[in-house]
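One structure below.
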Amino acid sequence: MTKFWSVFKLVWIERLVYRVNFFLEILSGILSSLIVVFLWVAIYRGATREVIGGYSIGEMVTYLLGAGLIYSFILTTAENPETSQSIQDGTLSTLLLQPISPYAIWFVRDLGSKAFFFILGLSGYVVVFFFFRQYLVLSASLGHLLFFLLSMILAALLQFFLFEALSLLAFWVENTYGIRFTVRVIMEVVGGAIIPLSFFPQILQKLFLLLPFSYLIYLPMRIYLGKIPLDEVPLEFLKEGVWIVGLALLNMMIWKKGIRQYVAMGD
Amino acid sequence: MDGFSRYLKLFLLLIKIGLMRQMTYRPHFFMMIAGKLIRMGLLFFFFQAIFLKVHRIGEWTYDQVLLLFATFHIVDYLISITFHRNLAFHLPRRIQTGELDSRMVLPVNLLFIVSFEETDLIDFFSFLPSLGFLGYVFYRLEFAFSWTQAVAYALLLVNALFFLFAVVLIIATISFWTTQSYGLARIFDNLLKIGRYPLDIFEGFWKVVFIYFLPLVLIAQIPSQALLETLSPDYVLFAFGVTGVFLIFALVFWKIGIKNYLSAST
């Protein structure tokens, strides 16, 4: 356990080396979600109805800020590129000699990175929350809030296994950035980062809900806002759990096959 | 004119090299193009989803917002193909590692080579469908614009490119004094996205910032309004004037930056 804790701490130390860039990164994430919030505030002000697509202006601002926080500081701060790079440049060889499995190192580093960005990103968001305080909606109940926190942890795990599966393809292809970029692009919209999925036409909604992305942002924010009754949340978690376990097994399979044909190219 | 044709030939050569370099990883090349097209398609659905629920954003109708969206992407792709990554990301790294030395001894203008050294052909192939999308938006607008409006639109698009060149150059030049301008470039990338929305969405302080301080209205809103004939002629002059000021400042700043270059390397 001490070994994992050391890896976890190391990520935080590394991240703090370039403090200015880190601060600007936080600012950049905040700006991204602010843009979309401003857009929606303007739409609501110009609209004739108070509720659009089942969301009041307060719910929409809360949704977008929460979605921005999750997207910027949990979903896009992943360490998966490191996996690909280690395989491509041969640094995986060094990792294989260490007393922890490289896969475990990547997993702990990813969680460390996400925790680091989320905690410090949240502190930056306090200013934004203050700025939009008249719109913000509190969680529907304490139960919803606790389930919301749990859903973010599950989202972090799901994101890791999803992108790690793509990164591990580096055992066979020379560059995995293209596929990771494409899936990230899909994740942003289909996950509900810029708009609740209920705004899309029925046919698209049905299609999007079949994919794992909706568990990353749309589900946590729906739980927070009480758009799902408490007794239905466990079923949603169960479905998400199936995705997580399925992807984790897929990861193990790819890792086992990949490591057998690893040729340790590089320096 | 000789100088111009020489630089044109060099630019075409850089494009050829760029294509060869990027085609090395073919699956990656095609996957990136697919990713960029999917992004554009999904953002189109995003606007469509909004207009399923409301009729206007500010004063903008659906077709007008689509024009703004298409215009923004045309500009965004053009800068990505040419100077954006070169200046915002490659130049700071070259300054930091001292790689800029090798560019300084070349018998070409330094600013030209650092701006266009690595052309991005992935974005070129994503740019072509966005041109088609712009054509579709013109069709939706029933081509209801005069030749004068079309010329003003084209000129303001070119103006937007020069404006963005100046802004990105200013950000990149900061690297001569700090090793951490990468974060600034990331912030600018996010700010740039504001250009795809009607600026009516901002109010008070922010509206002033995005019109006068960092006039992102120049990127897509002003060209689109020129085509839609909803722009006062004063704003056209404002657009060209602001770009001129930014460009002069950027070039002077760049010269000062070059004088401060320490050629620090390993």
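The values are calculated or read from the model by the stated rules, or taken from the named source; none is laboratory data. The structure displayed is predicted, hence computed values, not measured ones. So basically every Cβ, Gly included, is an ideal-geometry build from the backbone, and we count neighbours across all protein chains shown.
Flag set for B:Ser175, criterion: within 14 Å of chain A (Cβ to nearest Cβ), in contact with a Phe, Trp or Tyr (Cβ under 9 Å, 6 or more places away or on another chain), among the hydroxyl-bearing types (Ser, Thr, Tyr) and in a helix (DSSP H, G or I). Residues of the range A:1-26 that are among the aliphatic types (A, V, I, L, M), surrounded by fewer than 18 Cβ atoms within 10 Å (Cβ to Cβ) and either touching a helix residue (DSSP H, G or I) at 6+ places or on another chain (Cβ under 6 Å) or modelled with pLDDT under 80 (or both): A:Met1, A:Leu16, A:Val17, A:Val20.
Against the criterion of being over 20 Å from B:Leu13 (Cβ atoms) and in a loop (DSSP other than H, G, I, E, B), B:Glu142 qualifies. There is no residue in the range A:46-56 that is assigned to a helix (DSSP H, G or I) and more than 9 Å from chain B (Cβ to nearest Cβ).
Every residue, every condition in (1) farther than 22 Å from B:Val158 by Cβ; (2) part of a helix (DSSP H, G or I), yes or no:
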position: B:Lys193; (1), (2): no, yes
position: B:Trp206; (1), (2): yes, yes
position: B:Ile211; (1), (2): no, yes
position: B:Pro223; (1), (2): no, yes
position: B:Tyr235; (1), (2): no, yes
position: B:Ala239; (1), (2): no, yes
position: B:Ile248; (1), (2): no, yes
position: B:Trp254; (1), (2): no, yes
position: B:Leu262; (1), (2): yes, no
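Is it the case that the range A:4-14 has a residue that's within 13 Å of chain B (Cβ to nearest Cβ) and farther than 29 Å from A:Ile194 by Cα? For the range A:4-14, residues within 13 Å of chain B (Cβ to nearest Cβ) and farther than 29 Å from A:Ile194 by Cα: absent.
The helices (runs of 4 or more DSSP H) found entirely in the range B:46-111 that carry 2 or more residues being more than 14 Å from chain A (Cβ to nearest Cβ) and surrounded by 18 or more Cβ atoms within 10 Å (Cβ to Cβ) are B:62-81, B:91-97.
Go through the residues of the range B:146-159 one by one and say whether even a single one is aliphatic (A, V, I, L, M), touching a residue at least 24 places away in the same chain (Cβ under 8 Å) and either within 30 Å of A:Val17 (Cα to Cα) or within 14 Å of chain A (Cβ to nearest Cβ) (or both). Checking the range B:146-159: not a single residue is aliphatic (A, V, I, L, M), touching a residue at least 24 places away in the same chain (Cβ under 8 Å) and either within 30 Å of A:Val17 (Cα to Cα) or within 14 Å of chain A (Cβ to nearest Cβ) (or both). Can you tell me which residues in the range A:176-203 are in a helix (DSSP H, G or I) and either in contact (Cβ under 8 Å) with a residue 40 or more places away in the chain or more than 7 Å from chain B (Cβ to nearest Cβ) (or both)? A:Tyr177, A:Arg180, A:Val183, A:Arg184, A:Met187, A:Glu188, A:Val190, A:Leu197, A:Ser198, A:Phe199, A:Gln202, A:Ile203, listed by residue number.
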